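The values are calculated or read from the model by the stated rules, or taken from the named source; none is laboratory data. Fair warning: this is a prediction, and the values are worked out from it, not measured in the lab. Virtual Cβ from ideal backbone geometry, glycine too; neighbours counted across all protein chains shown. Accessible surface areas use protein heavy atoms only, side chains included; no ligands, DNA or RNA. Shrake-Rupley method; radii C 1.70, N 1.55, O 1.52, S 1.80 Å.
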Amino acid sequence: MTNVRVQRTFDALFALEDVREIFRQSLPTGLTAGQEQKLRETLAKARQYIDEIEKGEAGVSPQKVRIGSLDLRTREEEYINIHPIQAAGRLTPEARKAIIAYGDGYSTCDYCRKPFRLDKITRPGIEEFHAELAKFLNADQARVTPGARRAFQAVVSALVEKGDSVIVSSLAHYTEFLAVEQAGAIVKEVPKDEKNVVTADATAQKIEDVKKETGKLPALIMIDHFDYMFGNEHDVYGIAKVAKQYGIPFLYNGAYTVGIAPVDAKKIGADFVVGSGHKSMASVAPSGVLGVSNEYAPKVLRTTQMVGDVTRRKFGIKEVENLGCTLMGGTLLSMMASFPTVKERVKHWDEEVRKSNYFLEQFQRVEGSKVLSEWPRKHTLTKVDTTGSYDTVARTHKRRGFYFSEELAERGIVGEFAGATKTWKLNTYGLSWEKIKYLSEAFLDIARKYGLNVN
């Protein structure tokens, strides 16, 4: 699909960036004659592109635009994107504008003053953002991190010793495993039940098993609220109570909730809340957040005590587990710019789930199409099985499973795993009702085209 208006929009944006570069290369006293000429020529290009956007596709022959060796990424402008991990990471317009203004590497450090730490910077309002973030999570303190994985790493590094056991879900993300492995500890998985759900009772039993096996309690429990494999909801409230009864710190993995659904650390009973900026907070990757209770803040947010043996230098304000400052430049500013929208959109989580269920009801009208996740859905991330429907066509189609991807792409839909027609995942988060209904009809239309039964 080549949308001329979309391409010309990028052309115009890039032309204005070229204008911006002229100003960046000029002296503070003004432009030279040559720079003035280049400015006029570049602005003329931008006006031409804007005119072509207004006129539409008539009479326009677009050429392929590249950014150096990079192709344009236009899937959010040209398609409905149902990719399972991209949906809630789409940037808001405000975040995209923040990237334009703050993309330079150390742009957050323009006015860094004592005590020289990221969360203490007041211009832009990073210190205030940290306070708002803690309030948003209802945690005592909050920090930003380079992804949820680095938040896991910070907590595990502070609390877990070599040889300790850490309890995770049998549906846990691999980064939880890596954080534990890096600490030299051992992962112990809580089995899921027949519904692919992790329960409080199963967690309590696992604690007892670990205690019996090792002679001591696990050092930490990390459980996802909604897992990445099925998007099923796990009993984090019950598990938090179990953790409290045993006196084990509990980390709530909200990579698929913080930023799209209400999350309250104290209501949950979590000692730590971890979120993903690029998965669920409309932020540039890699970005994440960590909420910490006052009970564990002295350990996880400890500051360095080390002194150089030659220089006698000290860096006492820098936090060890965070390696000092974390998110700098456009990554953090994108999160801050999106934050007002994020705070508002969590209030409408139920509506997002309703839209997901509507689509999946239509999806299941195609005989042989199944939902493998909990049903009805409690989340917009879903694992489906089309072995008995679209895959029956793939078995004899000359393009095999890729026919399905191509049929979707022809209808302006991307994000499913290319060539997958058996089990795969999708996410409808953030789609309007208009797009949800279009998406539903597209799946039904493909089924009818290939003679599949539609109930």
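Pop the C-beta distance of Arg448 and Phe23 into the FRET formula with R0 = 45 Å and round what comes out to the nearest 0.05.
0.20
Could you rank the peptides 182-193, 222-233 by their average count of other C-beta atoms within 10 Å per residue, with the highest value first?
Going by the mean number of other Cβ atoms within 10 Å, highest first, we get 222-233, 182-193.
Reachable aspartates and glutamates from Lys347, Cα under 18 Å, same-chain residues fewer than 8 places away excluded?
Within the straight-line cut-off, Lys347 pairs with Glu132, Asp264.
Might you work out the accessible area of Thr214 for me, using a 1.4 Å probe with all protein chains in place, and round it to the nearest 10 Å²?
60
How high is the relative contact order of the stretch 186-293? Use alpha-carbon pairs under 8 Å, at least six apart in sequence, and give a whole percent.
So the answer I get is 19 percent.
Expressed as a rounded percentage, what relative contact order does the chain have, with Cα pairs under 8 Å and six or more residues apart?
Relative contact order of the chain: 18 percent.
Grab the beta carbon distance between Ile67 and Lys212, set R0 = 60 Å, and tell me the FRET efficiency rounded to 0.05.
Computed FRET efficiency for Ile67 and Lys212 comes out at 0.55.
How large a share of the accessible area of the stretch 268-372, in percent, is made up of carbon and sulfur atoms when the probe is 1.4 Å and the other protein chains stay in place?
53
Identify which of the listed values of Rg/Rh (Cα atoms, Kirkwood Rh) was calculated from the structure shown: (1) 1.17; (2) 0.96; (3) 1.02.
(3)
State the percentage of accessible surface on the stretch 1-156 attributable to carbon and sulfur atoms; use a 1.4 Å probe and exclude ligands, DNA and RNA.
Heavy-atom surface of the stretch 1-156 belonging to carbon and sulfur, 1.4 Å probe: 52 percent.
Expressed in nm to one decimal, what extension gain is obtained for the pair Arg113 and Gln205 from 0.36 nm per residue of sequence separation less their Cα-Cα distance? Provide the component values of the computation, followed by the final result.
Values: separation 92, 0.36 × 92 = 33.12 nm, distance 5.07 nm.
Result for the pair: 28.0 nm of gain on full extension.
Highest mean first, how do 403-411, 73-81 rank when packing is the count of other Cβ atoms within 10 Å averaged over residues?
403-411, 73-81
Which lysines, on any chain, are close to Lys55 with Cα under 18 Å apart, when same-chain ones fewer than 8 places away are left out?
Lys45
For Ser170 and Tyr106, what does the FRET efficiency come to when R0 = 51 Å and r is the distance between their Cβ atoms, rounded to the nearest 0.05? List each step's numbers first, then the result.
Values: r = 42 Å, r/R0 = 0.82.
For Ser170 and Tyr106, the calculated efficiency is 0.75.
Carbon and sulfur atoms: what percent of the 1.4 Å accessible area of the stretch 376-452 do they account for?
Of the solvent-accessible surface of the stretch 376-452, carbon and sulfur hold 54 percent.
Given the pairs Lys241/Lys299; Lys212/Lys299; Lys135/Lys241; Lys244/Lys279; Lys64/Lys437; Lys195/Lys370, which span a C-alpha to C-alpha distance of over 24 angstrom in this model?
Lys212/Lys299; Lys244/Lys279; Lys64/Lys437
With a cut-off of 19 Å, note down the residues of the stretch 347-375 whose backbone N falls inside the zone around a label point 7 Å from the Cα of Arg90 toward its beta carbon.
So the set is 347-360.
Distance between the C-alpha centers of the stretch 70-124 and the stretch 160-232? Whole Å please.
Between the Cα centres of the stretch 70-124 and the stretch 160-232 lies a distance of 33 Å.
In square angstrom, what is the accessible area per residue of the chain with a 1.4 angstrom probe?
Value returned for the chain: 49 Å² of accessible area per residue.
Using a 10 Å cut-off on Cβ atoms, rank the peptides 135-142, 303-310, 251-258 from the highest mean neighbour count down.
Listed from highest to lowest mean packing, they are 251-258, 135-142, 303-310.
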